[in-house]
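Notes follow the structure.
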Amino acid sequence: MREFNTSLECAAALDKQDPLAHVRERFYVKEGQIYMDGNSLGLCSKDAEEAVLRVLSDWKEYAIGVWSGAPTNYFLYQDILGAKLARLINADPEEVTVCTNTTVNIHQAIATFYNPTSKRYKILVDELNFPTDRYAVASQVRLKGYDPDEAVKVVQSRDGRIVEEDDIIAAMTDDVALVLLPGVLYRSAQLLDLARLTREAHARGMIIGFDLCHSIGAVDHDFKAIDCDFAVWCNYKYLSGGPGAIAGLYINRRHFGLIPGLAGWQGNRKETQFDMLPEFEPVYGAGAWQTGTQPLLSMAATEGALSIYDKLSMADVRAKSLKITAYLMYLIDEKLAKYGFTIGNPREDARRGGHVALEHEDAVRINEALKARGVVPDFRPPRVIRLAPVALYCSYTDVYSLVNILVDIMETKEYEKFSSKRGTVA
Ligand SMILES: Cc1ncc(COP(=O)(O)O)c(C=O)c1O
């Protein structure tokens with residue numbers, strides 16, 4: 001029996017069988033809206049709201065005592081959040097911390113691990129990674145006195161969507177010191193084989209790290225098996241940690257004890273931090289890579305959101321994510337292909353993340369038409385509409401309705417009313 005068909009009854013049956021359906025009620029899902037943009041900014045949850053209000057009330061109650069006298073140990077809040085995140089990627093709790101934003105965490109990791117020599121001085125990246133990763137890499141090689149045109153090696157994509165792992169491995173030449181790659185590509189949703197790439201990089205004596213912004217909270221990574229050197233990510237996408245939420249940083253335990261590239265007093269051993277000594281004594285763990293004082297209010301929303309994940313298994317989250325995106329792809333093939341839509345993400349489960357990259361020549365205008373109809377997607381140039389049916393709060397019926405709205409927009413040519421110039425924030 002085929003798993004899907006195009007009827008509303010099929011969507012309703014899939015929702016009925018969905019073991020994660022109950023999680024939706026923890027989120028503020030707007031009546032009449034179909035939210036497909038959790039890969040840009042996850043929805044606010046009741047748990048995030050409650051945690052923010054709790055921190056606010058603890059600040060009111062305890063003032064400076066908030067750091068050490070409140071029921072939650074906010075002095076070690078980064079460790080509490082780190083442990084929750086570690087569970088999601090099967091890392092040790094001490095290997096994960098939260099600090100700053102993804103971009104600064106990339107700077108931090110490269111400042112720590114990029115030690116160029118005259119023979120090995122290049123950083124390997126891919127053509128399709130998110131711009132901030134490339135900007136950070138270029139500025140780090142400049143800080144070491146190199147010209148990015150010479151010291152940043154860029155693996156090209158063959159088709160503008162996918163980066164072949166074989167091409168990345170072929171580019172791991174003797175002059176490469178460090179490799180920085182995405183876990184899931186932000187546009188095409190391609191999921192890289194992190195374990196294979198790590199094995200190959202390590203076999204050649206390179207440091208390797210990943211940007212997990214588009215996979216954390218959607219893909220069930222196993223960092224014990226991957227065993228890369230570092231990873232960074234934001235907590236505001238699938239994890240719903242709030243706009244500009246504090247970011248994640250993983251440091252493999254084999255690097256514990258190293259002096260961070262960018263050291264600060266919050267990375268000092270907690271026992272001696274308030275001795276105010278001139279010499280830095282790093283925490284034995286990812287906490288050493290902390291810099292300045294933790295933003296409790298921002299961390300609170302992330303804590304609340306992660307408490308939802310505490311009750312779930314990442315295997316279940318990934319299983320629903322794969323199924324609901326497969327359902328979306330099925331409906332696209334069945335109902336939208338005839339209007340010129342194509343699917344830009346890989347089809348195989350092992351090679352795709354949590355969103356579907358819907359491509360069309362008129363993507364900008366169709367994206368605008370969708371927004372006018374209560375759907376929240378996003379557009380990425382040149383022709384991609386990203387649709388992320390997030391496992392925690394999107395239903396199969398949402399996906400069914402979304403595709404019907406798209407059919408209607410194409411049948412009525414409603415999108416022609418919209419400008420093909422995209423807004424500043426796409
Ligand atoms: C892959 C990737 N890296 C980094 C970022 C952004 O980093 P930051 O948290 O520093 O704004 C994004 C944002 O969408 C992203 O998709």
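The values are calculated or read from the model by the stated rules, or taken from the named source; none is laboratory data. Quantities reported herein were computed from a predicted structural model and do not represent experimental measurements. A quick note on method: Cβ atoms are made from the backbone with ideal geometry, for glycine too, and the neighbour counts reach across all protein chains shown. Ligands, DNA and RNA are stripped out before the accessible areas are found, and what is left, the full protein with its side chains, is counted by its heavy atoms. Shrake-Rupley method; radii C 1.70, N 1.55, O 1.52, S 1.80 Å.
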Exercise for review: Enumerate the residues in the range 264-290 having an amide nitrogen under 13 Å from the point lying 7 Å beyond the Cα of SER68 toward its Cβ.
Suggested key: 270-276
Check your understanding: What whole number of Å gives the distance from the Cα centroid of the range 273-318 to the Cα centroid of the range 31-89?
Key -> 11
Review point. Which of these, LEU312, LEU20, LEU277, has the largest mean-square fluctuation under a Gaussian network model of the chain (Cα springs below 10 Å)?
Key: LEU277
**Study point:** Summed residue charge, Cβ within 11 Å of ALA319's Cβ, Lys/Arg positive, Asp/Glu negative
**Key:** -1
Review point. Let a ≥ b ≥ c be the square roots of the eigenvalues of the Cα gyration tensor of the chain; is it rounded (a/c under 1.5), or, if not, prolate (a/b larger than b/c) or oblate?
Key: oblate
Review point. Using a probe of 1.4 angstrom, how much of the accessible area of the chain is carbon and sulfur, in percent?
Key: 54
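How would you rank 361-368, 54-61, 194-201, highest first, on the average number of other Cβ atoms within 10 Å across their residues?
Top to bottom by mean Cβ count within 10 Å: 361-368, 194-201, 54-61.
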Check your understanding: Residue separation times 0.36 nm, minus the C-alpha to C-alpha distance between LEU312 and SER118: what's the value?
Key -> 65.0 nm
Revision key, fill the gap. The relative contact order of the chain, taking Cα pairs under 8 Å that sit 6 or more residues apart, comes to a percentage of 22
Point to revise | Separation in nanometres of the label points that stand 7 Å from Cα toward Cβ, at SER7 and VAL154 | key: 5.1
Revision key, fill the gap. accessible surface per residue for the chain, probe 1.4 Å, DNA/RNA/ligands not counted, whole Å² -> 41
Check your understanding: Cα gyration tensor of the range 354-426, axes a ≥ b ≥ c as square roots of the eigenvalues: rounded (a/c below 1.5), prolate (a/b > b/c) or oblate?
Key -> oblate
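Would you work out if the range 83-207 is rounded, prolate or oblate? Take a ≥ b ≥ c from the square roots of the eigenvalues of the alpha-carbon gyration tensor; rounded if a/c is under 1.5, else prolate when a/b is larger than b/c, oblate otherwise.
Rounded.
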Study note, to complete from the structure: With GLU50 itself left out, Lys, Arg at +1 and Asp, Glu at -1 over residues whose Cβ is under 13 Å from its Cβ give -1
Review point. Picking from ASP166, ASP174, ASP220, which is most flexible by a Gaussian network model of the chain using Cα springs under 10 Å?
Key: ASP166
Exercise for review: Any chance you could give the angle, 0 to 90 degrees and rounded to 10, that helix 8-17 forms with the longest Cα principal axis of the chain?
Suggested key: 30
Practice item. Please figure out what share of the DSSP beta bridges in the range 49-310 is antiparallel and state it in percent, rounded to the nearest 5. Key: 40
**Study point:** Hull-based mean projected area of the range 4-82, where the convex hull spans the alpha carbons, in square nanometres
**Key:** 8.1
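What does the extension gain come out to for GLU416 and LYS60, with contour length at 0.36 nm per residue minus their alpha carbon separation? Walk me through the numbers before you get to the answer.
Details: separation 356, 0.36 × 356 = 128.16 nm, distance 5.30 nm.
Here the segment from GLU416 to LYS60 would lengthen by 122.9 nm.
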